[in-house]
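Reviewing the structure listed below.
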Amino acid sequence: MAFKRNPQKFPGATKTVVIGTGDRAVTLGGENVMPLYSFDAPIENRPKVGVEISDSGYDKNVPGIAAYYAGAETIADIAKKAAAMPGADFIAISLEGADPNGENKSVDECVELCKAVGEAVDLPIVVLGCKNHDKDAKLFEKISDALQGKNILVMSASEENYKTVSASAGLAYSQKIGAESAVDINLAKQLNVLISQMGVAADNVVMNVGSAAAGYGFEYVASTMDRVKAAALAQNDNMLQNPIVTPVSDDAWSVKESIVSEADFPEWGPTEKRGVAMEITTAAACLASGSNAVILRHPESVAAIAKFIGELM
Amino acid sequence: MGKFVVIGERIHCISPVIREAMATRNPEPILKRAKEQLDAGATYLDLNIGPAERDGEELMKWGVQLLQENFDNVPLALDTANMKAIEAGISVYNRSKGKPIVNSADAGDRIGYIDLAAANEAIVIALCSKAGIPSDNDERMSYCQEMLERGMMNGMEAEDMWFDPLFLVIKGMQEKQVEMLEFIKMLSDMGFNSTGGLSNVSNGMPKHVRPIVDAAMIAMAMQAGLTSAILNPCDQRMMETIKSCDIIKNNYLYADSFLEM
């Protein structure tokens, strides 16, 4: 008997969110199938890959990264190189140096950096905050103002600062905003409700439902994303249909496996190889669980994940 | 399981305001009631034009277009004893937000409504009764089977037949309530969709008591497996109960603001 294809059909679909402008604008989401199930129905907008750069320059301790960015002096140089990375769909600038508990760079300084990136590249720009909610709210407001018309994505609005971020980035400056929750499905939904009650349209909002490096509680991430997709597709829950963008690099490059030296753990092999493996493994797992975009750091990871996506679509 | 489907019952020609609006083709009172019900959380709206023997076809078309044009193609239940009027309504109906519901068939004189629904790819509400009130669940089930067979023979999907167990008034038929709930459970166990006119149970009770009894009944009926009901969505206690039951049954993902959605 011949094999009969029986695709899963769902009443719901994820919403599409466009970031950036012009030819290089990127559309996230829109699928009505389980993650990567392009055999059930075409996935019009393949998952996307963002390249993370930092206000603090590139990581000179990782040889592959140092070699790739060698010679780049300014943030604009770094951004140009990142944009030229094969597989890059957008640039994500992390403002970790703005953290009041760290370098505490001023809002104005960060605005200048983001403007420089905006002038250097034509790829969509995602701004990753410094993880301090108050500072992020201030950063996102000024940066959204300075980059008006660029259709940037600021990540993220949290339970603590969603009102300010929605009102400024979302409403006043018509940028896109990310809604961030930490592996908590009910909060993920609640945050989308609250942001929509602020008046921000759903096609201006993506979700970061949280992540973890592979092996560090990733099963919670996978089950959260599974539940999000099941509600979005099978229950047609319009408060969970926003595309998911997952910053992977920060988690992947801060776990022990990516940091400890080969001298201390000779049986583990070269440090950099482990970090790349961790970044690729985590990103692939996120994509298989439902992320519509991942943000990565190492050129090898970007190339591998771009290939992975390309071959599955 | 999906969310419980609320069919708003308030556009009904038994209301003098609505009857007058239908007679004079005055959109305003109808649109007002439609908006109230949708804001309160109704998914479907019932459009009951009564017997409408004279101008039913034209009236139903007018009503369907009026509601769908003003409320983003809101899905509708077309409710009248005039079959031609239902067909006329479906002929102008936009399905983008859901199939039309034919309200309603039974296993007796109105069995032809099943054929009508089948011919028009509509959902049909199928009352498990023939003439009068079924005496027990065996009788209910035999009507259910008759109607199911009729639908299947006409090529309908079982999921498009929403069986109505017949909610009975408590004042007068108090001893029949548990059996009716057991019938809902039987329907649910067989995987069928179900619906019914819920507020019938509190008919004749004092005004302040009715919402309480209605809310208790909807909770018990949802536990038994009821998937939809025709009711007044502007009854806040009722809607809060339905939303809470949807959460408890895991039909809808919890978020702190779930009552506001």
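The values are calculated or read from the model by the stated rules, or taken from the named source; none is laboratory data. This structure is a prediction, so every number in the text was calculated from the model and none was measured. When we count neighbours, we look across all protein chains shown, and the Cβ atoms used for this are built from the backbone with ideal geometry, even at glycine.
Quick notes
- Pair list, Cβ < 7 Å and 6+ apart or interchain, from the stretch B:235-261 residues that are facing chain A (nearest Cβ under 8 Å) and farther than 27 Å from B:Arg33 by Cα to residues that are in a loop (DSSP other than H, G, I, E, B) and among the hydrophobic types (A, V, I, L, M, F, W, C): B:Asn251/B:Met1; B:Asn251/B:Phe4; B:Leu253/A:Leu240; B:Ala255/A:Met239
- Any hit, the stretch A:195-203, residues being within 14 Å of another protein chain (Cβ to nearest Cβ), part of a loop (DSSP other than H, G, I, E, B) and under 29 Å from A:Ala146 (Cα atoms): yes
- Within the stretch A:173-194, if we keep just the residues that are away from chain B (no Cβ under 11 Å) and aliphatic (A, V, I, L, M), the residue that is nearest to A:Asn238 (Cα to Cα) turns out to be A:Ala179.
- Odd one out for B:Leu45 among (1) assigned to a loop (DSSP other than H, G, I, E, B); (2) within 16 Å of the chain's Cα centre (by Cα): (1)
- Residue within the stretch B:20-28 that is surrounded by fewer than 22 Cβ atoms within 10 Å (Cβ to Cβ) and either within 14 Å of another protein chain (Cβ to nearest Cβ) or part of a loop (DSSP other than H, G, I, E, B) (or both) present: yes
- Scanning the stretch A:245-253 for any residue that is more than 16 Å from the chain's Cα centre (by Cα) and crowded, with 22+ Cβ neighbours inside 10 Å turns up nothing.
- Selection within the stretch B:90-109 - out of contact with any helix residue (DSSP H, G or I) (no Cβ under 6 Å at 6 or more places or on another chain) and not in a strand (DSSP E or B): B:Ile90, B:Ser91, B:Arg95, B:Ser96, B:Lys97, B:Gly98, B:Lys99, B:Gly108, B:Asp109
- Just one of (1) within 14 Å of another protein chain (Cβ to nearest Cβ); (2) in contact with a helix residue (DSSP H, G or I) (Cβ under 9 Å, 6 or more places away or on another chain); (3) modelled with pLDDT of 95 or more fails for A:Thr246. It is (1).
- Wholly enclosed helices (runs of 4 or more DSSP H) of the stretch A:207-305 bearing at least 2 residues within 24 Å of A:Ala179 (Cβ to Cβ) and touching a residue at least 12 places away in the same chain (Cβ under 8 Å): A:218-233, A:249-252, A:271-289
- Taking the numbered list (1) more than 19 Å from the chain's Cα centre (by Cα); (2) aliphatic (A, V, I, L, M); (3) surrounded by 22 or more Cβ atoms within 10 Å (Cβ to Cβ) in turn, A:Ala120 passes all entries but (3).
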